[in-house]
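The values are calculated or read from the model by the stated rules, or taken from the named source; none is laboratory data. The structure displayed is predicted, hence computed values, not measured ones. Methodologically, a virtual Cβ is constructed for each residue, glycine included, from the backbone with ideal geometry; neighbour enumeration extends over all protein chains shown. All accessible areas refer to the heavy atoms of the entire protein, side chains included, with ligands and DNA or RNA removed. Shrake-Rupley method; radii C 1.70, N 1.55, O 1.52, S 1.80 Å.
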Amino acid sequence: EVDLVESGGGSVETGGSLRLSCRASGSTFGDADIRWYRPHPGGLCELVARISSDGSTYYADSVQGRFTISQDNAKNTVSMQMNNLKPADTAVYYCAAETSDYDDLFTPCQETWGQGTQVTVSA
């Protein structure tokens with residue numbers, strides 16, 4: 001496991017942009033997949049985006065074309081650029097380093113993901 005610290009959240013109006021960062025603290029990502037999650041109604045977390053060590057990416061349909069995930073290995077940081085934000089994007093966003101190659105589109109939120117970073121989008 002690696003300890004991750006999320007940052008970059010904030011409050012914006014509809015159509016605004018934010019850039020979230022997920023930094024490995026005291027370790028490197030290695031070859032883990034890095035995933036961004038947000039809570040979904042029903043008690044689960046939705047997979048928002050994922051980047052693998054080979055650079056492959058996944059995006060939820062709801063954010064496709066608006067969010068872009070990238071990795072800076074030198075800084076041990078994964079970022080997610082969020083453009084054209086909508087009120088429906090309002091959530092606490094969590095990042096996780098995971099060894100599984102399978103993308104669970106909805107999964108139980110994990111305490112080990114930490115506190116996340118709050119994104120609020122107003123109309």
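Summary of values
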quantity	calculated
Scope the range 18-47; condition assigned to a loop (DSSP other than H, G, I, E, B), exposed (fewer than 12 other Cβ atoms within 10 Å of the Cβ) and at negative phi; matching residues	T28, D31, P41
Single unsatisfied condition, G65 versus (1) open to solvent by 70 Å² or more (accessible area, probe 1.4 Å); (2) at positive phi; (3) within 13 Å of the chain's Cα centre (by Cα)	(3)
Close pairs (8 angstrom Cβ cut-off, 6 or more residues apart or separate chains): touching a residue at least 60 places away in the same chain (Cβ under 8 Å) and over 17 Å from T68 (Cβ atoms) in the range 22-51, of a type in the set (V, I, T) and crowded, with 20+ Cβ neighbours inside 10 Å anywhere	F29/V78
Given (1) touching a Cys at 6+ places or on another chain (Cβ under 9 Å); (2) surrounded by fewer than 20 Cβ atoms within 10 Å (Cβ to Cβ); (3) under 14 Å from G114 (Cβ atoms), number of the condition A97 does not satisfy	(2)
Some residue of the range 28-40 being among the acidic types (D, E) and within 14 Å of the chain's Cα centre (by Cα)	yes
Where D61 falls short, out of the listed (1) touching a Gly at 6+ places or on another chain (Cβ under 8 Å); (2) over 16 Å from G116 (Cβ atoms)	(1)
Failed criterion for S7 (all others in (1) polar (S, T, N, Q); (2) open to solvent by less than 20 Å² (accessible area, probe 1.4 Å); (3) in contact with a Lys or Arg (Cβ under 9 Å, 6 or more places away or on another chain) hold)	(2)
